[in-house]
Amino acid sequence: MMHRRHFLSAGLAGTAALTLSSVWSQSAPSLGEPVLPEPGFRKFKVGDIELIALNDGALRRPLGEEFVRNAPIEQVKALLASQGLATDYVDIPFTPVLVISQGVKYLIDTGFADNGPPTTGRLLANLAAAGHAPEQIDHVILSHYHGDHINGLRNKAGQWVFPKAKVHVPAPEHAYWMSDEKMDAAPPAAQAAFDNARRVIGSLPADKLVTFEPGAALGPGITSQAAYGHTPGMSVFKVSSQGQSYLYLADVTNVPSLFARAPDWAVAFDMDPEMARQTRRRLLAQAVQERTLLGGFHFPFPAVGTLAKVDNGYGFTALA
């Protein structure tokens, strides 16, 4: 078994890579490109709250031994093949969610804006197609500080993409990435992740940044919940109205065909793999027990569906 310190370093290195589009330059032309959904938005209701899944694009990543840290590549490929999926690559979508509760608009996570690879940066076009403008977003809620979740706050020119929005961040996550002590103790490969978090979040005006403790209510029908492990302070969000609910899992499970079906496997980007495993087990079991709709940032579009027990893990079925 990989030593925890080495595992943490590997997770930090993977995190650093997420801040830059160069991490995806390994994509081979022979693998083709992911098919992006058209239209790239999907509306659904949870009681009297409207939710809109907004695809920011997707990336096709060659499947190498590094992607699942604690399982042989043969087992990984076998699990994908058993679901009729390709075994030489994985497609990784990026899907923020707009929550409209009592007329107030909350965007959960942001994608890349124009800072990412060519097959990303679709959020604003899909937001417009769904009938909304970035200037109308009242609040942005961030699950954690990986680049694909926060970089969409600012475009390449340095302008704020959602100029009127307050940005709500988990206090433990903010404390970690803004800590000079944590940054100094991190491996060199992780420095870019700290630099990126400080570039994006650290430069927010004081009147725009709002920290919250996981467990806090963030709006009518919107509550946060601790989901540590993937990063030190990641949070997930539950939307509830009129007896219905939806659970946004962020990166609790990265690619559900792998990490929901095999919840004990660790993706390269999990910073504390054992804590992430426990969190994943807990939240997936909770979702099945509560029979809630659920989704995640990297789930297949529309990134909303249901979960059912399958063998030692869970199978995700996206809404048709």
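Every read-out reported here was derived from the displayed coordinates using simple, explicitly stated rules and does not represent laboratory data. Note that the coordinates shown come from a computational prediction; the quantities given were computed from them, not determined experimentally. Please note: Cβ atoms are built from the backbone with ideal geometry, for glycine as well, and neighbour counts cover all protein chains shown.
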One would report the antiparallel percent of DSSP beta bridges in the chain, rounded to the nearest 5, as 75
Which entries in the list Lys182/Lys309; Lys156/Lys182; Lys43/Lys182 go over 32 Å, if you measure between the two C-alpha atoms of each? Lys182/Lys309; Lys43/Lys182
What FRET efficiency, computed as 1/(1 + (r/R0)^6) with R0 = 51 Å and r the Cβ-Cβ distance, is obtained for Ile73 and Ala128, rounded to the nearest 0.05? 0.80
Within the under-12-Å Cβ sphere about Ala190, not counting Ala190, Lys/Arg +1 and Asp/Glu -1 give a net charge of -1
Label-point separation (nm) for Glu65 and Val104, each offset 7 Å from Cα along Cα-to-Cβ? 5.1
Kirkwood hydrodynamic radius over Cα pairs of the chain, then Stokes diffusion coefficient at 25 °C and 0.890 mPa s, in µm²/s: 126
Could you tell me which helices of the chain pass both thresholds, a Cα extent of 18 Å or more along their own axis and a mean Kyte-Doolittle hydropathy of at least -0.5, with helices taken as whole DSSP H runs? 4-18
Local electrostatic count at Thr110 - Lys and Arg +1, Asp and Glu -1, tallied over other residues with Cβ under 11 Å: -2
